[in-house]
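J.: One structure, pasted below without further comment.
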Amino acid sequence: MKMFLTRLGFGSKAVITGDITQVDLPAGKLSGLIEVRQILKDIEGIKVVHLSEEDVVRHELVSAIIRAYDAYQQTPDPGSRAPGLRFQRTDSMPQTLDLGSETSS
């Protein structure tokens, strides 16, 4: 992140996008996106925009998924859940998920 940000030139703009809830780095490894928010938070001319499930313009199911993940992360020590547990399909479960035919513009 530092290498990229220190290459900005006169009259240039940079937009960095990311989702800090979707970091897949090894445990103990800090995300550059999370780190840069702290390091640059007081620098004039740098803005950070935080989006939430209310900003989702996709299917309403995406908002529900985001809320579910947020709730899961609020439970005590979510990282301690047994990693060997896997989702198992049963005959009573649908094979596909119907998201409807709506499209967003």
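J.: Quick check: net charge around Asp19, other residues with Cβ under 14 Å of its Cβ, Lys/Arg +1 and Asp/Glu -1?
T.: Residues close to Asp19 contribute a combined charge of -2.
J.: In sequence order, what are the phi-derived ³J(HN,Hα) couplings for the range 67-75 according to the Karplus relation 6.51 cos²θ - 1.76 cosθ + 1.60 with θ = phi - 60°, rounded to whole Hz, with x for glycine and proline?
T.: Going residue by residue, I get 4, 5, 5, 4, 5, 4, 5, 7, 6 Hz, with x marking Gly and Pro.
J.: Taking θ = phi - 60°, what integer Hz values does the Karplus form 6.51 cos²θ - 1.76 cosθ + 1.60 yield along the range 6-13, in sequence order, with x for Gly and Pro?
T.: 7, 9, 5, x, 4, x, 8, 10
J.: Excluding residues on the same chain fewer than 8 positions from Lys29, give the lysines whose Cα lies under 24 Å from its Cα.
T.: Partners found: Lys2, Lys41.
Quick note: the coordinates plus some simple rules give every number you see, no bench work behind them. In this text the structure is predicted, and so the values were computed from the model without any measurement. Cβ atoms come from the backbone with ideal geometry, glycine included; neighbour counts cover every protein chain shown.
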